[in-house]
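Written out below as C-alpha cells is the structure these notes cover.
The values are calculated or read from the model by the stated rules, or taken from the named source; none is laboratory data. Computed from a predicted model, the values in this text were never measured in an experiment. Backbone-built Cβ (ideal geometry, glycine too); neighbour counts: all protein chains shown.
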Amino acid sequence: MTNVRIGHYINGRSVTDSTAQTQTVTNPATGQITARVEMADKAGTEQAIAAADAALPGWQDTPPLARARVMFRYKALIEEHFEDIASLITREHGKVIEDARGELTRGLEVVEFACGAPQLLKGEHTPQVGRGVDGYTMLQSVGVCAGITPFNFPAMVPMWMFPVALICGNTFVLKPSEKDPSVPLLLAELMSQAGAPEGVFNVVNGGKESVDTLLADPRVEAISFVGSTPVAEYIYSTGCAHGTRVQALGGAKNHMVVMPDADMNQAVDSLMGAGYGSAGERCMAISVAVAVGDETADTLVESLRPRVEALRIGDGLAEQGLEMGPLVTREHLEKVRGYVELGVSEGAVAVVDGRQRSLDGDGFFLGGTLFDRVEPSMRIYQEEIFGPVLCVVRAPDYETALALVNQHEFGNGTAIFTRDGDTARQFTQDVRVGMVGVNVPIPVPMAFHSFGGWKRSIFGPLNVHGPDGVRFYTRKKAVTARWPKSVSAGSEFTMPTMK
Ligand code: NAD
C-alpha cells in the first residue's frame, strides 16, 4: 500500500489535509496503486475559491502585456519539463508516451495563443459614431472562473481553459479528474514559477461535493466543463440556475463516412489511429465507420482485421513504439468488456473480439474489437463506449450515411473519406456536427480556432479556446462618450440617433 498523498494547490502552495477522504490513483499499465488523492469537501473547495477571489483585484489590474509575459515564461517552463509531464500523463492515464507528448503539444499551443493577450484584448473602437461622439467596446474580465475536467486529457483539456481565462484577467479554480490528478498539480506549480501571483491559479481535487460547491458559490462567475453528457447537462442546468456563465462539453460518437472512391489504404490507416489510439478514450475518437456500399465495407473490414489483431499494446513507460495502452481503471475496463459482450448478444459480427487477446500482467488492458454489420437500433451504436471498439455500419448510399450521422444524439466530430470534391463539399455543408474532417480522421481545431461539437455534445453557445474562449472569459462593455463644449444643446426626449 502506498503512502503517497496527493492534495491540492491553493494560493501558490501545495496543501494537504490529513483528515480528508481519499481515493486511490493507479498506474493502469500495472494495476498498482501509486497514490491516494484527497477529495476536497465543501470547506476545502471554498478555500480555493477564496484564494482566487482575493487574488482577483490585483490580477484584473495587471496590464494584458504583463499577463502575456507570464504566459511566455510558462511556455518556456512547460517546454523545459516536457518529458516529465508527458511521463506523468502516461503513468496515471495509460496512453502511450508518444501520444502523451502529442496531448501536451496541443495544450502548449493554447498557451502560445494566450501569449497574444494584448492583441486579443484590444476591443473595438469607432470614432465619430455621431458628431463629436465616440463609441468603443472594452473586454473586461468575468471574475473567478472554474474548470471541471475529464480523465482522458489531464494536461490538454485544462490547458484549453486556464491560459485563456488568465490572460483575460480572471483567476481560476481547476477541479481536475480524480483519476489522474498529478499533471494538473504540476501545471499549477509551473504557473507560480512563471510569475502568476498567489491565488491566481488554484487546483482543488475532489468529486461531486467539490463540483457542487463550485456550482453554487456566488463568487464563481463562469464554469467550463468537459466530460460525459449526463454530467455536462447537470453542470449546465445547475450553473445556469445559479446565474453562472457555463460552457459544458459532453460525450461523442464520431462517425467516419468512407465513400467507395476513397483511398482505401489511407482510410484504413486513419481508422486504426482514430479508432484505437489512446485505447479509444478520446472525445474525437472515431467509433463508427460508415461504409458506403458492401464492396467498400468488405474491403475495409478485411484490411482492418489483421491490423486490429496485431495492435501493439503495452505499458507506454516500459516500451517505445506502442500503438495503444490500457484503459484508465479496472471499472472502465469492465464497462468496455460489457459493451463487447452486449454487441455480440445484439447480433453484431465480432470480426475481432478484444476479450480474446491475452495480455500479461495486472494492467487494465483490452485488445481492440472490430464489429461489422452494426445496426442503428443497437446500443453499441447508440451509446458512447469510450474504449478500443470500432463499429462498422453498412450504408447503401451517401444519403443514408449522412442521415445516420445527422440523426445521432451526439455531434462532436465526423469525417468523410472521398476523392470527390463535390461530395466532400456537400457533406461539410449538410452535416450536423461541430468539427468536420475531409480525409482527416480527427479534425481537432488548432488553438487559434475554437473547439466544440453540436447537439448533445455541448451545452451553451460558446466553444473552448480560440476566439470563443476569449468571448467566454470576458464581458463586453460598450462606452459611448462625448466631450462637449460648455454650451448645452438642451434636453433630448427622442431616442438618440446619429446627427
Ligand atoms: P465524467 O463526466 O465522469 O467526469 C468529468 C468531471 O466531472 C470529473 O472532474 C469528475 O470528477 C466530475 N464528475 C463526475 N461525475 C460527477 C457528478 N455526478 N457530479 C458532478 N461532477 C461529476 O467524464 P470522464 O469519464 O472523466 O471523461 C470521459 C468523458 O468526457 C467522455 O464522455 C468523453 O467523450 C468526454 N470528453 C469530452 C470532450 C469534448 O471536448 N467534448 C473532451 C474530452 C472528454
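From 397, 430, grab the single residue that is out of contact with any strand residue (DSSP E or B) (no Cβ under 9 Å at 6 or more places or on another chain) and more than 16 Å from the ligand (Cβ to nearest atom). Unique residue meeting the criteria: 430.
Looking across region 237-285, the residues that are among the β-branched types (Val, Ile, Thr) and part of a helix (DSSP H, G or I) come down to 238, 268.
For region 404-499, the strands (runs of 3 or more DSSP E) that sit wholly inside it and include 2 or more residues that are free of Cβ contacts under 8 Å to residues at least 60 places away in the same chain and surrounded by 15 or more Cβ atoms within 10 Å (Cβ to Cβ) are 435-438. Here the strands (runs of 3 or more DSSP E) wholly within region 129-225 that include at least 2 residues being within 11 Å of the ligand (Cβ to nearest atom), assigned by TED's automatic domain parsing to the domain that holds residue 12 and not basic (Lys, Arg) are 144-148.
Scanning region 318-331 for residues that are under 13 Å from residue 100 (Cα atoms) and surrounded by 18 or more Cβ atoms within 10 Å (Cβ to Cβ) returns 322, 323, 324, 325.
Whenever a residue of region 191-207 is closer than 16 Å to residue 154 by Cα, its partners that are within 16 Å of the ligand (Cβ to nearest atom) and polar (S, T, N, Q), lying with C-beta atoms within less than 7 angstrom and at least six residues away or across chains, give the pairs 204/45; 204/210; 206/45. A single member of 344, 351, 288 is within 16 Å of the ligand (Cβ to nearest atom) and either outside the structural domain of residue 103 (by TED's automatic domain parsing) or not in a strand (DSSP E or B) (or both), and it is 288.
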